[in-house]
Structure formats: structure tokens, C-alpha cells
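The values are calculated or read from the model by the stated rules, or taken from the named source; none is laboratory data. Because the structure is predicted, anything quoted here is derived from the model rather than measured. With ideal geometry, Cβ positions are generated from the backbone for all residues, glycine too; neighbour counts draw on all protein chains shown. Just so you know, the surface numbers come from the protein's heavy atoms only, side chains and all, with ligands and any DNA or RNA stripped out. Shrake-Rupley method; radii C 1.70, N 1.55, O 1.52, S 1.80 Å.
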Amino acid sequence: QVKLVESGGGLVQAGGSLRLSCAASGRTFSNYAMGWFRQAPGKERELVAALSRTGGSTYYADSVKGRFTISRDNAKNLAYLQMNSLKPEDTAVYYCAADLRVGLATSPEYDYWGQGTQVTVSS
């Protein structure tokens, strides 16, 4: 069992930045690929960014490329999502997730999920 706890969400003006953190506990963090998803009201959950076990491979949704950066610190059991140049359309609940797949996990069937953190971007 892996427990994931997100933090760092909040209210920010358009153009601003936030850094989300995901603290993992319970199993060897470096065994898991990580992903950040988001779900806006009335919309399906979507993968925003994904990161391989070592951090050597990344994936970004087209909508966030060049603005968001996913990273991890395996020594601290932490994953991050740095979000810059935020737009109102980035408003959503953001979830981190962990998966045992090797490489990048770009499909939504992740093994473990956090409870989510709200990000609201005002115009």
C-alpha cells in the first residue's frame, strides 16, 4: 500500500505560479512511476504530466507543455508539479498518482491516488 498526500494548491491570479507537492509513504517510492492528473468541474480526469521511476523520462499534456514541470526526489519520497504561467483553464482538483509500471505511465490506470488539492486560477 502506498499513501499519497498532495499539498500546495490554492488561489492564484492568472500568470502566477504554484508548486504542488506529493508526499508518499508505505512502500519504496523509487519503484513507482508518478503522474499528476487534474479534474475540472463537469470534465473527465486528465493526465497532466508523468514521470518515470528515475525521473529520466517525462510526459506532458499539450495544454501544459512549456508551463508545467514534473519532478521527484526519491530520497525524500516526494514528487512535485511546478506550474508557471497559470491560466483560468488550469483550475481543477489536482491529484498525484503512483504506478508500478516500468517507464512512463500515460494511461489512467494508476495503482494509488492521493485525495487531491484544489487549484483555482482567477482571471
Test for A24: is it open to solvent by less than 30 Å² (accessible area, probe 1.4 Å) and within 25 Å of S85 (Cβ to Cβ):
no
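Can we say V93 is at pLDDT 95 or above, not polar (S, T, N, Q) and not in a loop (DSSP other than H, G, I, E, B)?
yes
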Is it the case that region 45-56 has a residue that's under 19 Å from K3 (Cα atoms), modelled with pLDDT of 95 or more and touching a Pro at 6+ places or on another chain (Cβ under 9 Å)?
no
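I need the full set of residues from region 101-116 which are surrounded by fewer than 22 Cβ atoms within 10 Å (Cβ to Cβ) and touching a Leu at 6+ places or on another chain (Cβ under 7 Å), in order please.
Once the filter is applied, which keeps residues that are surrounded by fewer than 22 Cβ atoms within 10 Å (Cβ to Cβ) and touching a Leu at 6+ places or on another chain (Cβ under 7 Å), region 101-116 yields T106, P108, D111, Y112, W113.
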Here are some residues: A33, A61. Which one is over 26 Å from V121 (Cα atoms), within 12 Å of the chain's Cα centre (by Cα) and among the small types (G, A, S)?
A33
Identify all residues within region 69-100 that are more than 16 Å from V5 (Cα to Cα), of a type outside the set (A, V, I, L, M) and either buried (at least 18 other Cβ atoms within 10 Å of the Cβ) or touching a Leu at 6+ places or on another chain (Cβ under 6 Å) (or both); write none if there are none.
D90, T91
